[in-house]
1. Choose one of 555, 591, 580: the residue whose Cα lies farthest towards the positive end of the charge dipole of segment 525-626 (beta-carbon charges +1 Lys, Arg; -1 Asp, Glu; about the Cα centre).
2. Using r as the Cβ-Cβ distance of residue 614 and residue 657, and R0 as 22 Å, what FRET efficiency do you calculate, to the nearest 0.05?
3. Using the number of other C-beta atoms within 10 angstrom as an exposure proxy, rank 478, 193 with the fewest first.
4. Gain in length, residue 190 to residue 523, computed as 0.36 nm per residue apart minus the alpha-carbon separation, to one decimal in nm?
5. Please state, as a whole number in µm²/s, the translational diffusion coefficient that the Stokes-Einstein equation yields for segment 1-149 at 10 °C and 1.306 mPa s, with Rh defined as the Kirkwood radius across alpha carbon pairs.
6. Treat the count of other C-beta atoms within 10 Å as a stand-in for reagent exposure and order 516, 208 from fewest to most.
7. Tell me, what is the FRET efficiency for residue 422 and residue 455 to the nearest 0.05, using R0 = 25 angstrom and their Cβ-Cβ distance as r?
8. For an R0 of 30 angstrom, estimate the FRET efficiency from the Cβ-Cβ distance between residue 676 and residue 696 and round to the nearest 0.05.
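Nothing in this text is a laboratory measurement; each read-out follows from the coordinates by a stated rule. Please read these numbers as outputs of a predicted model, since none were measured by experiment. Neighbour counts are summed over all protein chains in view; Cβ atoms, including those assigned to glycine, are modelled from backbone coordinates with ideal geometry.
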Amino acid sequence: MDLAESVFIKSHRIDLIPCTSREGHLCHIFGDISLMNQGLWWFNIELRELEPGRLSLVHSDEAYGGVCTRDSFVRKEVQEVVKLLGHLLTFHQCVSSVVITRLIFDYCPQLICDALRKNASLTELKLYALDTTTSLERSITAALLNLKHLQKLEVKHFVLQRPFIDGLSEFLASTQSLTTFDVAHQFWDSEDDAVAFVQALRRNQSITTLSLDVTLIGTQEPYWRPGMLISHKYVILLADYLYGNKTLRTLTLRGSFGGRFTDVARPVVMGLVKNNTITNLSLFLLPLEDEDIELITWLLSENQTLKSFKMFRCDLPVSSSRFYSNLLTLLGNKTFERLTLDLPWSGKSDRWSLFRTLGSNPSFKKVTFERWRDSAVSRLLRDNGVQKSFFIGTHCVLQNTEDALTECKDLSSVIVMSESFDRFEQLLTTLSQLPSCSHVTSLCLALLPAHFRGTAGCLISECITGMIALRNLELSIDGTGVGDAFIKARREVAQALSENKTICTLRLYGSWFGRTETEMLADTVQSSRTLCELYLFPCHHIDIITLMQKLVLNISSNYSLLVMRLRAQCAGNDVRFTVSDVIRRNCTLVMRAAHFVCGERLKYCAEAAEMVHWTPGLVDRVQKLASVDENEAVCRIKTSLKSFCELNDFMRLAGVVKYGVTCHSRDDGQKQLVDIGRDCWLCIREYLKVSDILDER
């Protein structure tokens with residue numbers, strides 16, 4: 001092959017061969033992903049296998065939590081990476097999902113547009129923070145028109161100007177494949193642009209899931225008068241779009257900087273009231289006022305098709321209690337199946353009314369309350385007979401609600417904040433109760449440095465080692481602690497973490513760890529067979545460097561870690577890439593194994609199942625993929641492993657035979673594979689893995 005058809009990444013040659021993937025077999029580039037990612041990191045992107053045999057170009061922040069320091073790259077290396085990127089986008093149908101960031105687009109805009117225009121297999125495209133000219137906007141939308149299989153489009157932090165909107169309108173009108181459209185963080189420069197965007201939406205007949213920031217539903221006022229302007233023409237078009245749409249099933253409205261739901265509530269609600277296709281409505285991070293609550297109440301009373309309603313992390317007025325009561329009364333007569341609410345503000349009488357109303361409605365399959373502070377929650381659930389369908393997201397423990405910890409077995413997630421207690425002794429009492437809470441799977445401790453005295457450190461350690469069901473742990477310190485008592489307490493916590501065998505997700509914020517404790521944490525992460533996610537945000541960057549330098553030595557032997565997010569990336573690129581690449585490998589194995597458990601009978605998926613069948617991450621992935629509970633997921637994993645224990649099953653899955661093993665009789669009468677018997681085969685099988693059977697070359 002000519003050198004012109006190759007690139008060099010880190011002095012290693014990669015031949016630019018078109019995609020070789022076929023049914024049941026991976027493309028050749030899967031063997032070079034690690035090397036390719038070393039180059040792609042310059043653009044803060046990397047290749048990830050999110051579905052069996054399908055690659056995605058994702059942002060490094062999504063993949064790992066770190067970005068590349070570009071000082072270590074020279075111009076020639078960057079040119080090689082650009083050439084590789086263009087090849088991947090143009091000639092590899094195995095690359096089905098792509099994120100285009102400003103860094104990529106600023107460096108090679110026309111190459112990106114040309115490659116996208118030639119791509120025939122892309123199913124997902126994300127455009128993030130692009131800064132374009134008129135000609136490039138036309139090039140982008142021209143590329144969109146050629147993406148005949150695009151199913152999901154995200155546009156975020158992207159100033160949509162008129163040429164792009166016009167091209168987007170043509171794409172939305174012509175596409176038959178697009179089902180998910182997400183647009184965020186956008187103000188319009190003029191009313192005409194806003195109107196053109198809604199008209200573009202109206203031309204589409206395929207979108208079933210739509211997510212918008214509220215700032216998209218108006219034009220920005222001058223900076224000295226923050227807010228949004230809503231024109232009469234725009235209101236009519238928006239309401240008409242929501243009312244007349246026949247394909248939309250899921251709508252999400254998010255809050256955004258400078259955007260108030262009040263500015264857009266009436267047109268949105270007016271359009272939704274008579275819509276007869278939307279079944280899922282979510283309101284997220286919206287600042288709501290009294291009139292908004294009234295409109296939402298009216299919407300829920302009039303709409304006849306909504307089955308799921310979620311209102312999460314919305315700022316509500318203190319006086320909203322009475323409107324909430326009205327809302328619950330209306331819900332009692334509806335056909336809702338799923339309801340998710342945040343309730344930090346409602347009064348006691350409202351809470352009792354809520355349970356009575358929802359408990360009397362047999363249509364509800366799942367009701368989730370994200371936050372709860374009532375100590376009588378156990379009695380509320382029991383008296384209204386709703387334990388099976390009601391879920392308490394997080395119970396905030398106060399000085400008068402600590403009794404609920406041991407009384408209510410329905411509380412699985414708990415927050416303990418030291419500032420919620422008037423007396424230090426009350427905090428200690430609460431900490432002493434936690435080890436006996438075998439029903440608690442998630443614990444958050446938010447403490448002040450001053451509270452690390454006496455027996456506090458010992459009690460926290462006992463929580464970590466004694467809570468047998470603990471899966472998620474978050475430890476937060478607000479401030480920097482000093483003194484021998486503080487140092488001793490955090491040393492005890494680090495030791496307890498090393499002894500724990502159940503925690504899957506660990507979040508650490510503040511000064512929980514010094515150098516010694518960080519080294520202990522690195523050893524814990526390295527040796528743990530249960531820890532899947534680590535979030536570390538210490539006060540000092542040196543702790544991150546210590547952790548990474550210790551981890552990189554033996555991280556390749558860890559197969560359980562799937563996510564790591566760090567406050568800062570101070571270690572060198574090579575160190576961070578090594579850790580990131582191990583996490584990518586682990587995520588790939590868990591994903592493949594989960595698909596095998598759920599019925600994907602591919603050899604490389606079976607290999608993954610054999611390697612990571614013991615990890616908690618696989619159980620969680622199977623739960624999500626198959627929509628089953630933990631016990632069912634564990635059962636399916638065991639069943640899937642048994643499915644290829646027998647000789648014929650193993651040989652078929654490994655690709656050795658098509659149907660079963662048959663052997664011609666030998667002249668010397670010696671036994672052959674089919675003659676050894678089942679017991680002998682199972683003994684051999686203990687030492688023989690699917691990965692030991694090599695593919696044909």
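1. Of the options given, the answer is 591.
2. Calculated value: 0.15.
3. The fewest-first ordering by Cβ neighbours comes to 478, 193.
4. Length gained between residue 190 and residue 523: 114.2 nm.
5. Translational diffusion coefficient: 101 µm²/s.
6. So the ranking, lowest neighbour count to highest, is 516, 208.
7. 0.85
8. 0.75
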